[in-house]
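The values are calculated or read from the model by the stated rules, or taken from the named source; none is laboratory data. Just so you know, these numbers come straight off a predicted model, no measurement behind them. Virtual Cβ from ideal backbone geometry, glycine too; neighbours counted across all protein chains shown. Just so you know, the surface numbers come from the protein's heavy atoms only, side chains and all, with ligands and any DNA or RNA stripped out. Shrake-Rupley method; radii C 1.70, N 1.55, O 1.52, S 1.80 Å.
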Amino acid sequence: MKLIEIIKILEAEFPPEGAYEWDNVGLLVGDNTAEISKILVTLDITEKTIAEAVDNGCQLILSHHPIMFSGIKRITSASSEGRILLSAIKNGLNIYAAHTNCDVAPKGINAYLADALGIENPSPLEENGLGRIGTLKEECTLSKLCEKVKSTLGIDFVRYCGDESNIIKTVALGSGACADSIPFAIEKGADVMITGDTKYHNMLDVCSDISVIDAGHYGTEIVVCHIFTELFKNLPVEVISTKSFDVYKVI
């Protein structure tokens, strides 16, 4: 397929105009007339991701997190971003990112998480489409919901705030770093907010009003690889998921 054809499919599913103003989505490196037969899907673009794409004979890296968030004045091997760009260009790799436009899309990350966790009648948590809020088919304790989040997302642990015996019925969620959305969850009467990258003092401020499950930035967003893969499963391109893992390790 031509890259331009792939871009049309992506932008029909995740319209670029849905991205936040500060974001950097779309084709970041490459030529939209390029022929694409193999795609590497990933959460992040790193030097290891570039090497993985080259080793697997990919022509396109489809990522959730972009590179070049802010303007850059030089591309050299002195920085990780510079090395990524130099290597991508040297190896003829195209790079496309669907970030906040994928977060808010009707079939994006937050919609996927709500469905996977069994949240019924989900609706956007915020007016801009970010996050989801809905109800569990059967209420459960905070402790049991923590276990469900772990097993559903395939992660080893979660952090949580709140009494583990609290009964949970209404669930709000926001993938990645959505702790700033917790006030919306409280306002809408959620019993718990599931997100990542929470901060200690912020949790002190909200823990008396709502329970919080922190499943990590990686844990709540790596599902994007499945979303991207499903989008192209019936098209004449091969899609492989990155073998990269969470930058954080625990002992």
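Of the peptides 237-245, 76-84, the ranking by mean beta-carbon count within 10 Å, highest at the top, reads 237-245, 76-84.
State the percentage of accessible surface on the chain attributable to carbon and sulfur atoms; use a 1.4 Å probe and exclude ligands, DNA and RNA. Carbon with sulfur: 51 percent of the solvent-accessible area. The GNM of the chain, with springs linking C-alpha atoms under 10 angstrom apart, assigns the highest mean-square fluctuation among ALA98, ALA116, ALA53 to ALA116. Of LYS48/LYS249; LYS148/LYS169; LYS169/LYS249, which sit over 25 Å apart, Cα to Cα? In this structure, LYS169/LYS249 exceed 25 Å between Cα atoms. With angles folded into 0 to 90 degrees, how steeply does helix 142-153 sit against the dominant principal axis of the chain? Use alpha carbons for both and round to 10. Once rounded, one gets 20 degrees. For the chain, the longest principal axis of the Cα atoms and the long axis of helix 80-90 meet at an angle of about 40 degrees. Rounded to the nearest 5, the antiparallel percentage of DSSP beta bridges internal to the chain is 45%.
Under a 5 Å amide H cut-off, with hydrogens placed 1.01 Å from N, CYS140 pairs with ILE168 among residues at least 5 apart or on other chains.
Report the relative contact order of the chain, percent, no decimals, based on alpha-carbon pairs under 8 angstrom and at least 6 residues apart.
19
Computed over protein heavy atoms with a 1.4 Å probe, the accessible surface of the chain works out to 51 Å² per residue. The long axis of helix 3-13 is offset from the longest Cα principal axis of the chain by roughly 20 degrees.
Sorting LEU235, LEU85 on solvent-accessible area from highest to lowest, probe radius 1.4 Å, gives LEU235, LEU85. Comparing GLY196, GLY71, GLY92 in a Gaussian network model of the chain where C-alpha atoms under 10 Å apart are linked, the largest mean-square fluctuation is found at GLY71. Relative contact order of the range 120-172, taken over Cα pairs closer than 8 Å and 6 or more residues apart, is 42 percent. Backbone phi angles across the range 15-22, fed through the Karplus curve with coefficients 6.51, -1.76 and 1.60 (θ = phi - 60°), yield HN-Hα couplings of x, x, 5, x, 6, 5, 4, 7 Hz in residue order; Gly and Pro are listed as x.
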